[in-house]
Amino acid sequence: MEEENKLIDVKGLVRRFGKQYAVKNINFSLKKGEVLGFLGPNGAGKSTTMKILCGILAPTAGEISVAGIDLLAKPKEAKRHIGFLSEVPYLYFDDTVTEYLTHCAKLKRVEKKDLILHVTEALEKCGLHDVANRLIGNLSKGYRQRVGLAQAIIHKPQILILDEPTAGLDPGQIVDVRELILSLKDDVGIIFSSHILPEVENICDRVQIINKGEIVYRADDIKSQKRKLCLVFDELPSESELDILPGKKEVVIDSKACVYIDNGASEIDRGLLLQAACEHKWLLSEMYDVKGNLEKVYLNLTRY
Amino acid sequence: MVILSIARHELKKYFKSPLGWSALAIVTAVASYMFIEYLVLYVDKYQPQMHKYTNPPGVTDLVIVHTIAFISEFYMWIIPIIAMNIFADEKKNGTLGLLQSSPISAAEMVVGKYLGIVGFLLVILMLLFSMLILLRFDVELDLGVLFSGIISLFLLLSLWAAATMYFSTLTKTPIIAAIIAFALIRFFWELDIDVSSYPDTELNRAIGKVLYYASTPQRFGTMIKGIIRTSDISYFVIFTAAFILLSIRRFDAERLRY
């Protein structure tokens, strides 16, 4: 990875509260178009790390570069490139949505001539048009979350830092937020924290698990792990027949015969597979995507 | 200008809350009541005796100066209540992060918020001023004294607001900020002690001097009568600036504290 492509580059980040270490020696970087998932139990240091990246807290030690600018030396310039949605969105309940977003845009130093444009675009993207003139205090939790998101993207930052953006939302709203994140993804780099493992697997390109202030696990290409396919047979075909299947194969026989196919990063054509199954009269009873082993890894690393 | 945006947002906040409106209502009600009280007192009691003196005090001294002097002591209760929310409220609601994660410095944040409350103080004083100036239609007022009174009141309230703002950076509970600020304001108000009745020693004279320079009524009392001195103005400006700087430092320190 070249130095210039890194939107965020964190080296040796440490943050101490008194004698307590919230963050111990964290290193990572983020590229454009990438979604980096932060996983970890409560109190692992995720929020602290995110607050440090946004310049709310200062690190005890370490270097942070944001879009090539040193956050500690030039915080004002660096912060322009960051949009932040905190765990509890920073909302003024006495403002209407438009008033609030306009105020945020000014705080984020959006130029006066672009103000209206930025606010309308943010309203549009987050589906807030219907509530634009309502008081934030009167909105439901899902809408407040969206207002928070609109606040984070109002100045079109290169980096989005989202601290549990889907916490407490209903399933429909979670899908909305996920779609919104994926729609923004191409132009920005996103750091995303969550407790919900399937969600992280769905949205993120890379994952790191933080526990007790340290990164204990990194998965640099979690999309490829999802490409594992499991075929369940009532009766296992002969080895020569199985050779037709693409990719690396792994055969497991317990009550049923399972064949796991790992085809690296490329998609497996299921149509061809089914065709082959018909031709050879295989007794294929199930075929499904294997979820990544994130849950297993997560529990192993953080439970004890 | 981002400072002005913050100030405008802060000022609007007062008019969106019942606190701002009730403060305005109470302050105006008390001021107008005392104004009429002093006016009636003047007409009934002082005016009939005026001819006995060669250079009698006028309406300005007996009505306006008295009203301002009375109302200033009343403001002492109100200002901490108005200003206690400046930061404590945001800390409690967790909205301070919005300002802290924005590309603005602690100084811009503090000064912006302070200008917001100064705007609200100006509204209060405008109401008072428009009431006092009404007298001008009937009698000849000493406008210099009136203006000097309003300016001194403005400086006084600005100082108190800055002090309350500083204490509101220290706590999440607004009322604690108000109580501490009120205690401090009252302390400096009560420093106005006459030491001449105590034995005339070196120490007592030194104490007297310190008290003279530190007490708020000493500074405020001369200005309200229309005597504007640099030393009095400096007193207010220096202390106000000190509290603003302390607030700024507080945020820089909080960010770095470990």
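Filter the cross-link list A:LYS11/A:LYS185; A:LYS19/A:LYS156; A:LYS79/B:LYS113; A:LYS125/A:LYS296 down to pairs whose alpha-carbon distance in this structure exceeds 32 Å.
Pairs exceeding 32 Å: A:LYS19/A:LYS156; A:LYS125/A:LYS296.
Find the Cα radius of gyration of segment B:103-207, compare it with 2.2 N^0.38 Å by division, and give the number to two decimals.
1.49
Please order A:LYS76, B:LYS225 by the number of other Cβ within 10 Å, starting at the fewest.
A:LYS76, B:LYS225
Using the C-alpha atoms of chain A, what convex hull volume per residue, in cubic angstrom, is computed?
It comes to 165 Å³ per residue, whole-number rounded.
For the protein assembly as shown, I need the span (max minus min coordinate) of the C-alpha atoms along each principal axis, in Å, sorted largest to smallest.
Principal extents (Cα only, largest first): 129, 55, 41 Å.
Express the Stokes-Einstein translational diffusion coefficient of segment A:6-53 in µm² s⁻¹, to the nearest whole number, given a Kirkwood radius over alpha-carbon pairs, 10 °C and a viscosity of 1.306 mPa s.
After rounding, the answer is 136 µm²/s.
For peptide A:70-79, what's the mean number of Cβ atoms from other chains within 10 Å of each residue's Cβ?
2
Quick one: which residues, 5+ away or cross-chain, put their amide H under 5 Å from the amide H of A:TYR217? H built at 1.01 Å from N.
A:ILE209
Helix by helix, which DSSP H runs in chain B go 15 Å or more along their axis at the Cα atoms and have an average Kyte-Doolittle hydropathy of 1.0 or more?
B:18-41, B:66-83, B:106-132, B:143-170, B:174-190
Below 8 Å between Cα atoms, with a sequence gap of 6+, how large is the relative contact order for chain B in percent?
Result for chain B is 26 percent.
Just name one of B:HIS66, A:HIS155, B:ASN204: the one whose Cα is farthest towards the positive end of the charge dipole of the protein assembly as shown (beta-carbon charges, Lys/Arg +1, Asp/Glu -1).
B:ASN204
With point charges of +1 on the Cβ of Lys and Arg and -1 on the Cβ of Asp and Glu, referenced to the Cα centre of the protein assembly as shown, which listed residue (B:ASN55, B:LEU99, A:SER193) lies farthest in the positive direction of the dipole?
In the protein assembly as shown, that residue is B:ASN55.
With only alpha-carbon atoms counted, please give the Rg and Dmax of segment A:1-133, in Å.
Cα-based Rg and Dmax for segment A:1-133 come out at 16.9, 49 Å.
Evaluate the relative contact order of segment A:3-224 (contact order divided by residue number), counting alpha-carbon pairs under 8 angstrom at least 6 apart; express in whole percent.
Relative contact order comes out at 30 percent.
Can you put B:HIS51, B:HIS66, A:HIS81 in order, fewest other beta carbons within 10 Å first?
Result, fewest neighbours first: B:HIS51, B:HIS66, A:HIS81.
Would you look at the GNM of chain A, springs on alpha carbons closer than 10 Å, and say which of A:GLY168, A:GLY18, A:GLY83 moves the most?
Maximum fluctuation in the GNM of chain A, among the listed residues, is at A:GLY18.
Near B:TYR213, within a Cβ-to-Cβ distance under 11 Å, what is the net charge of the other residues, with Lys and Arg +1 and Asp and Glu -1?
+1
For B:90-98, what's the mean count of beta carbons from other chains sitting within 10 Å of each residue's beta carbon?
Taking the mean over all residues of the peptide, I get 5.
With chain B treated as a Gaussian network of Cα nodes joined by springs under 10 Å, which of B:MET50, B:MET165, B:MET76 yields the largest mean-square fluctuation?
Maximum among the listed residues: B:MET50.
When each pair of different Cα atoms in segment B:37-97 is counted once in the 1/r mean, what is the Kirkwood radius in angstroms, to one decimal?
It works out to 14.8 Å.
How much of the DSSP beta bridge set in the protein assembly as shown is antiparallel, as a percent to the nearest 5?
Given both bridge residues lie in the protein assembly as shown, the antiparallel proportion sits at roughly 70 percent.
Which value in Å does the Kirkwood hydrodynamic radius of segment B:2-256 take, with 1/r averaged over all unlike C-alpha pairs and then inverted?
Over segment B:2-256, the inverse of the mean reciprocal pair distance is 19.8 Å.
Among all the lysines, which ones have a C-alpha under 30 Å from B:LYS52's C-alpha, if same-chain residues fewer than 8 places away are not counted?
B:LYS225
Tell me, B:MET223, B:MET131 in order of fewest to most beta-carbon neighbours within 10 Å?
Ordered by Cβ neighbours within 10 Å, fewest first: B:MET131, B:MET223.
Rule-based calculations on the coordinates, nothing more; no lab input. Being a predicted model, the structure only gives us computed values, none of them experimental. With ideal geometry, Cβ positions are generated from the backbone for all residues, glycine too; neighbour counts draw on all protein chains shown.
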